[in-house]
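Undergrad: To start, I am sharing the structure in question, which I have written as structure tokens.
Computed from the coordinates by the stated procedures, all read-outs in this text should not be read as laboratory data. Computed from a predicted model, the values in this text were never measured in an experiment. Every residue, glycine among them, receives a Cβ derived from its backbone with ideal geometry; neighbour counts consider all protein chains shown.
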Amino acid sequence: MVQIKDNIFWTGYIDWDLRNFHGYSTPRGSTYNAYLILDEKPTLIDSVKSYGSKEMLSRIKEVIDPSKIEYIISNHTEMDHSGAIDELLHLCPKAKVVCSPKGEEGLRRHFKKDWPFQVVQTGDVLNIGKRDLKFILMPMVHWPDSMATYSEHDKILFPNDAFGQHYASNERFADELDLNVMFKEAEKYYGNIVLPYGAQVLKVLDMIAPLDVEMICPSHGLMWRRKEDIEGMVAYYQKWARHETDEKVMIVYDTMWHSTEIMAQRLLALLKEEGIEVTLINLQDTVISDVITEVVSTKFLLFGSPILNNRMLPTMAGLLMYLKGLKPQKRYAWTFGSYGWSTSGFKEMEEFLKEGGCDILGEGVYLKYIPDESELEELRKVIPLVKDKLEKD
Ligand code: FEO
């Protein structure tokens, strides 16, 4: 039994084996957090993936007979949080499903069931006894239906996916683990799930700013309870939502016969020589969700690919297509690579990047077959392009 505050219990599911969350690599697994509040009207906030229902139910049964639950708050329709609601409703016939208007629409589309819905709006209050639970709709953070629940009595915010991380652990609070790792996992989560919705995140941050919050209980990973960690997490969300980046460079490349790799290595050396912070990523060995973690904090993004069948390599196309959907803003991009007889794939790379919201730093460097020393020198042209932006921004 895990009691996180008086009469509030964590009743989630730890997904130790999860390694892929619809394409997002999760080497540390994940959790789906459900929270049971014991009050006059026992209330469950969110549920878990369907295959975690047995574990969730056994945790609930340690605390209460599930048939006594009167409300199931569904902060978000996605099935990692709603997947066990149907099974649960069979055990708690009195329970109403509390959700946003888009939540009702989404849950009906997902489960094709006429559940007893109670639809709420921002500012609505649900009294469950000693507690008034308040709702804050947060559309597109990160689905149209998403909302947060706030318990003023406990000073706890339950913001569902926001402030979460994919991390499986026997600990429940971020401060019980290495905080650098926890913030990095939160950054990866933001980059891969929330990045396109910065404007909406800023609105939500404004709405929660007046609340007295002593604990943030997200729907994935560890909870935040220390004042400095809550402030740190909110400050990171402010920064990420504004697309504020650090003045550093990421070089990401794939290669066929090592020519583009040689170019990437030379770029690394040149930028290092200039004292510019730079990271090198080989796309053959790195999953794209980890590349995106770097994108969250990086202002200059250099992409290298050789040309195959007149196009960029499929690995690079996959990354750029993904990046385009995530719409990073206030970032500069630049392309480079080796080719044999066609350079059209480089234009295509630039088009993807422009469509994704990146500003192109300037003309890239494209070298035929295997570059020689004098040709590699051409890569120096990126240095003034980067420095110019560093001075101006
Ligand atoms: Fe954790 Fe959007 O679901």
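Undergrad: Quick one: which residues, 5+ away or cross-chain, put their amide H under 5 Å from the amide H of Thr31? H built at 1.01 Å from N.
TA: Here Asp15, Tyr167, Gly221 satisfy the definition.
Undergrad: Quick one: dipole size for region 239-393, taken about the Cα centre, charges +1 on Lys/Arg Cβ and -1 on Asp/Glu Cβ, in debye to the nearest 20.
TA: 500
Undergrad: 5 Å is the cut-off here: which amide hydrogens, built 1.01 Å from N in the peptide plane, fall below it relative to Thr11, excluding neighbours closer than 5 in sequence?
TA: Ala34, Tyr35, Leu36
Undergrad: Of Leu107, His166, Gly29, which is farthest on the positive side of the dipole of region 2-241, counting Cα position, with +1 on Lys and Arg Cβ, -1 on Asp and Glu Cβ, and the Cα centre as origin?
TA: Projecting each Cα onto the dipole axis, the largest value belongs to Leu107.
Undergrad: For region 21-57 and region 271-292, what is the separation of their Cα centres, given in Å?
TA: 35
Undergrad: Report, by chain and number, residues whose modeled amide H sits under 5 Å from the one on Leu133, excluding near sequence neighbours (fewer than 5 apart, same chain).
TA: Result for Leu133 returns Leu126, Asn127, Ile128.
Undergrad: Right, here's the next one. Take the alpha carbon gyration tensor of region 139-214, find the square roots of its eigenvalues, order them as a ≥ b ≥ c, and report rounded if a/c is under 1.5; if not, report prolate when a/b exceeds b/c, else oblate.
TA: It comes out oblate by the Cα gyration axes.
Undergrad: Arranged by the count of other C-beta atoms within 10 angstrom, fewest first, what order do Trp257, Trp240 take?
TA: With the fewest neighbours first, Trp257, Trp240 line up as Trp257, Trp240.
Undergrad: Can you tell me, using C-alpha contacts under 8 Å and at least 6 residues apart, the relative contact order of the chain as a whole percent?
TA: 11
Undergrad: Would you mind checking the pairs Lys330/Lys381; Lys324/Lys354; Lys203/Lys324; Lys188/Lys387; Lys5/Lys184 and listing those with alpha carbons more than 18 angstrom apart?
TA: Lys330/Lys381; Lys203/Lys324; Lys188/Lys387; Lys5/Lys184
Undergrad: Residue-wise, which Karplus ³J(HN,Hα) couplings in Hz belong to region 33-41, taking 6.51 cos²θ - 1.76 cosθ + 1.60, θ = phi - 60°, and x for glycine or proline?
TA: Working through the residues one at a time gives 8, 10, 10, 9, 9, 8, 9, 4, 10 Hz.
Undergrad: Okay, moving on. Simple spin-label model, 7 Å along Cα-to-Cβ: His110 to Leu385 in nm?
TA: So the two model labels end up 4.3 nm from each other.
Undergrad: Full-extension gain between Glu62 and Asn282, please, as 0.36 nm times their residue separation minus the C-alpha to C-alpha distance.
TA: Once the chain is fully extended between Glu62 and Asn282, it gains 74.4 nm.
Undergrad: So what's the net charge close to Thr77: Lys and Arg +1, Asp and Glu -1, counting the other residues with Cβ under 14 Å from its Cβ?
TA: -2
Undergrad: Using Cα positions and a limit of under 16 Å, work out the lysines in reach of Lys68, with same-chain residues fewer than 8 apart set aside.
TA: Output for Lys68: Lys41, Lys94, Lys96.
Undergrad: If you don't mind, another one. Using the Cα centre of region 272-334 as the reference point, and only Cβ charges (+1 on K/R, -1 on D/E), how large is the resulting charge dipole? Debye, rounded to the nearest 20.
TA: 400
Undergrad: Obtain the radius of gyration and the Kirkwood radius of region 2-241 from its C-alpha atoms and give Rg over Rh.
TA: Rg/Rh for region 2-241 comes to 0.92.
Undergrad: Here is a further query. Among the aspartates and glutamates, select those whose C-alpha is under 13 Å from the C-alpha of Lys347, and discard any that sit fewer than 8 residues away in the same chain.
TA: Answer for Lys347, where 13 Å is the Cα cut-off: Glu355, Glu363, listed by chain and number.
Undergrad: Kindly write out, for region 334-342 in residue order, the coupling ³J(HN,Hα) from the Karplus curve 6.51 cos²θ - 1.76 cosθ + 1.60 (θ = phi - 60°), rounded to whole Hz, with x marking Gly and Pro.
TA: Result, rounded to whole Hz: 8, 10, 7, x, 9, 9, x, 9, 9.
Undergrad: I would also like to ask the following. Cβ under 12 Å from Lys94's Cβ, Lys94 left aside: what net charge do those residues give with Lys, Arg +1 and Asp, Glu -1?
TA: In short, +1.
Undergrad: Same structure, new question: In region 249-392, what % of DSSP beta bridges are antiparallel (nearest 5)?
TA: Bridges in region 249-392 are about 10 percent antiparallel.
Undergrad: Mean-square fluctuation check for the chain, GNM, Cα pairs under 10 Å: which of Glu373, Glu294, Glu247 is largest?
TA: Glu373
Undergrad: Follow-up. Mean Kyte-Doolittle of at least 0.5 plus a Cα span of 24 Å or more along the axis: flag which DSSP H helices in the chain meet both, please.
TA: none
Undergrad: At what distance in angstrom do the alpha carbon centres of region 364-389 and region 145-197 lie from each other?
TA: 41
Undergrad: Excluding Gly198 itself, calculate the net charge of residues whose Cβ lies under 11 Å from the Cβ of Gly198, where each Lys or Arg counts +1 and each Asp or Glu counts -1.
TA: Cβ neighbours under 11 Å give a net charge of +4.
Undergrad: In whole Å, largest first, what are the principal axis extents of the Cα atoms in region 249-392?
TA: 33, 31, 25
Undergrad: Spin-label point model (7 Å from Cα, Cβ direction): what's the Asp175 to Met321 distance in nm?
TA: Output for this residue pair reads 4.5 nm.
Undergrad: Of Ile156, Ser47, Ile230, whose Cα points farthest to the positive end of the dipole of region 2-241 (charges on the beta-carbon: +1 Lys, Arg; -1 Asp, Glu; origin at the Cα centre)?
TA: The one lying farthest along the dipole's positive direction is Ser47.
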